[in-house]
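**Student:** This structure is in structure tokens; I'll ask about it shortly.
The values are calculated or read from the model by the stated rules, or taken from the named source; none is laboratory data. None of the values given here were measured: they were computed from a predicted structure. Reconstructed Cβ throughout: ideal geometry from the backbone, glycine too, with neighbour counts over all protein chains shown.
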Amino acid sequence: MKSNVMKYISLILFCCTFLLHGCSSNYYAMDDFQSVTKIDSHVHIGADDGVFEEQAADDNFLLVTLNVDHGDSANLRRQFSLASLSAQKYPGRVFFGPAFLFDTTGWGKDEWSKKVISQLDKDISTPGVITVKIWKNIGMTLRDREGNFIMVDDQGIKPVIEFIKGKGLPITGHLGEPKNCWLPLNEMTVSSDSSYFAEHPQYHMFLHPEYPSYEDQIRARDNMLEANPGLTFIGCHLGSLEWNVDSLTDRLDKYPNMAVDMSARICHLQYQSSENRERVRDFCIKYQDRLLYGTDLGYSGSRDTEASRRYIHETWLDDWKYFVTDEEMTSDLFKEKFKGLKLPKDVIDKIYYENAVKWYQLSVN
Ligand SMILES: [Zn+2]
């Protein structure tokens, strides 16, 4: 009798353990951070000392480093050689996206696109190249001879887009700015924006109504996608639709070849979580195949490499906490509290790894 009771108790214990294990295995925990292979789809490696890459290896991250057209050829070539050096040193772990110099000399003539394409043709054959990056200078600063802003749907850029598409590469586009940029400082949702635009009034579009509007930026990008249905497009910074997941939903539904990275805009998801967590969580689950984890972390060398490594590590860890747990959290960037999204494991695997591999066609190790 006694042994039967023991057997019965053991069976119950076994079932409980199995159920508990079964349940908990649907979600990752903080402890899983290290063991899960992850990809940061948007970083800027600006040094050759290997510090960023070593931290990435320690935290089990692969990296996609993107170049930015700051409008200076020497700077752009330097970014290119650092990115290509890193991709060479860490094959299968570091990938990169060169940018092209948008020199307005000759703009409007065939020679302009021929020159850009000839440089790009060399650059994209470099090992580790997975995309071409285009930047917000298109739409925000570049002007033609008549003083009109050059937008991304301009016919003059078309041959370049056709070339990239023809090579089977995606375009990674940071176009426009956060919507906050067009709002008065006191209406901005996150303090990273309000402090940045307070310090840089020249970039604060609320003060410059003569510049293209937020809607103009989004419209030009949408026009470009409509004109190039076969183009794979990864919109940086939640496609500059960071302020509202519903508005992003509209674009993702309309453009099946568009995905977005979350870089530097996770705080906007957190801000929306503070208002309506379920809406953000449902969005991440519904569009689990279209979202790429990314931070926009940059590293250009440091005297205190330990501090840099700690900062990179803590940024990654904090984001992990937001996506995998349902803990209550706070941000330095706004005052409301919010709860982590606790996304299911398979959704995390896509956002943190599989989507980058698929959208960027990465040959991972
Ligand atoms: Zn960036």
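**Student:** Pick from Asp69, Asp58: which is out of contact with any Gly (no Cβ under 7 Å at 6 or more places or on another chain), at pLDDT below 95 and not aromatic (Phe, Trp, Tyr)? Reasoning before the result, please.
**Tutor:** Values: Asp58 fails: at pLDDT below 95.
Residue meeting the stated conditions: Asp69.
**Student:** Quick one: is Asp31 more than 22 Å from the chain's Cα centre (by Cα) and either assigned to a strand (DSSP E or B) or without any contact (Cβ under 8 Å) to a residue 40 or more places away in the chain (or both)?
**Tutor:** Yes.
**Student:** Which one of these is closer than 30 Å to Asp59 by Cα, out of contact with any helix residue (DSSP H, G or I) (no Cβ under 6 Å at 6 or more places or on another chain), loosely packed, with under 15 Cβ neighbours inside 10 Å and of a type outside the set (Lys, Arg): Ser118, Ser125, Ser84?
**Tutor:** Just one listed residue meets the conditions, Ser125.
**Student:** Among (1) within 16 Å of the ligand (Cβ to nearest atom); (2) of a type outside the set (S, T, N, Q); (3) surrounded by fewer than 17 Cβ atoms within 10 Å (Cβ to Cβ), there is one condition Glu54 misses while meeting the rest; what is its number?
**Tutor:** The number of the failed condition is (1).
**Student:** Still on this model: Report yes if some residue within the range 235-244 is on the phi < 0 side of the Ramachandran plot, of a type in the set (A, V, I, L, M) and buried (at least 23 other Cβ atoms within 10 Å of the Cβ); otherwise report no.
**Tutor:** yes
**Student:** Hey, could you check the range 60-74 for residues that are farther than 19 Å from Ile171 by Cα and touching an Asp or Glu at 6+ places or on another chain (Cβ under 9 Å) and say which is farthest from the ligand (Cβ to nearest atom)?
**Tutor:** Ser73
**Student:** Mind checking which strands (runs of 3 or more DSSP E) fall wholly inside the range 211-321 and carry at least 1 residues that are over 18 Å from the mean Cα position of the chain (by Cα) and modelled with pLDDT under 95?
**Tutor:** none
**Student:** What about Leu142, is it closer than 27 Å to Phe80 by Cα and out of contact with any Cys (no Cβ under 9 Å at 6 or more places or on another chain)?
**Tutor:** yes
**Student:** Moving on to the next point. If you take the residues of the range 173-191 that are away from the ligand (no atom under 16 Å from the Cβ), part of a helix (DSSP H, G or I) and free of Cβ contacts under 8 Å to residues at least 40 places away in the same chain, which of them is surrounded by the most Cβ atoms within 10 Å (Cβ to Cβ)?
**Tutor:** Filtering the range 173-191 for residues that are away from the ligand (no atom under 16 Å from the Cβ), part of a helix (DSSP H, G or I) and free of Cβ contacts under 8 Å to residues at least 40 places away in the same chain, the one surrounded by the most Cβ atoms within 10 Å (Cβ to Cβ) comes out as Trp182.
**Student:** Now for a different question. Can you say whether Asp144 is among the acidic types (Asp, Glu), surrounded by 15 or more Cβ atoms within 10 Å (Cβ to Cβ) and over 23 Å from Asp253 (Cβ atoms), as far as the supplied structure shows?
**Tutor:** no
**Student:** Right, another one. Does the range 38-59 contain any residue that is under 25 Å from Asn355 (Cβ atoms) and of a type in the set (Lys, Arg)?
**Tutor:** yes
**Student:** Considering Trp135, Trp107, Trp112, which residue is within 16 Å of the ligand (Cβ to nearest atom), at pLDDT below 95 and not polar (S, T, N, Q)?
**Tutor:** Exactly one of Trp135, Trp107, Trp112 is within 16 Å of the ligand (Cβ to nearest atom), at pLDDT below 95 and not polar (S, T, N, Q), namely Trp135.
**Student:** Also, I was wondering about something else. Which count do you get for residues in the range 266-279 that are in contact (Cβ under 8 Å) with a residue 60 or more places away in the chain and out of contact with any Phe, Trp or Tyr (no Cβ under 9 Å at 6 or more places or on another chain)?
**Tutor:** Of the residues in the range 266-279, 0 are in contact (Cβ under 8 Å) with a residue 60 or more places away in the chain and out of contact with any Phe, Trp or Tyr (no Cβ under 9 Å at 6 or more places or on another chain).
**Student:** Which of the residues that make up the range 274-317 are out of contact with any Asp or Glu (no Cβ under 9 Å at 6 or more places or on another chain) and of a type in the set (S, T, N, Q)?
**Tutor:** Asn276, Ser300, Ser308, Thr315
**Student:** Looking at Asp326 and the list (1) surrounded by fewer than 20 Cβ atoms within 10 Å (Cβ to Cβ); (2) assigned to a helix (DSSP H, G or I); (3) not basic (Lys, Arg), which single condition is not satisfied?
**Tutor:** Tallying (1) surrounded by fewer than 20 Cβ atoms within 10 Å (Cβ to Cβ); (2) assigned to a helix (DSSP H, G or I); (3) not basic (Lys, Arg), Asp326 fails exactly one: (2).
**Student:** Would you check if there is a residue in the range 351-359 being touching a residue at least 12 places away in the same chain (Cβ under 8 Å), surrounded by 13 or more Cβ atoms within 10 Å (Cβ to Cβ), not in a helix (DSSP H, G or I) and not small (Gly, Ala, Ser)?
**Tutor:** Scanning the range 351-359, I find no residue that is touching a residue at least 12 places away in the same chain (Cβ under 8 Å), surrounded by 13 or more Cβ atoms within 10 Å (Cβ to Cβ), not in a helix (DSSP H, G or I) and not small (Gly, Ala, Ser), so the answer is no.
**Student:** Now a separate question. Here are the criteria: (1) touching a strand residue (DSSP E or B) at 6+ places or on another chain (Cβ under 9 Å); (2) over 25 Å from Asn67 (Cα atoms). Tell me which single one Pro256 does not satisfy.
**Tutor:** Condition not satisfied by Pro256: (1).
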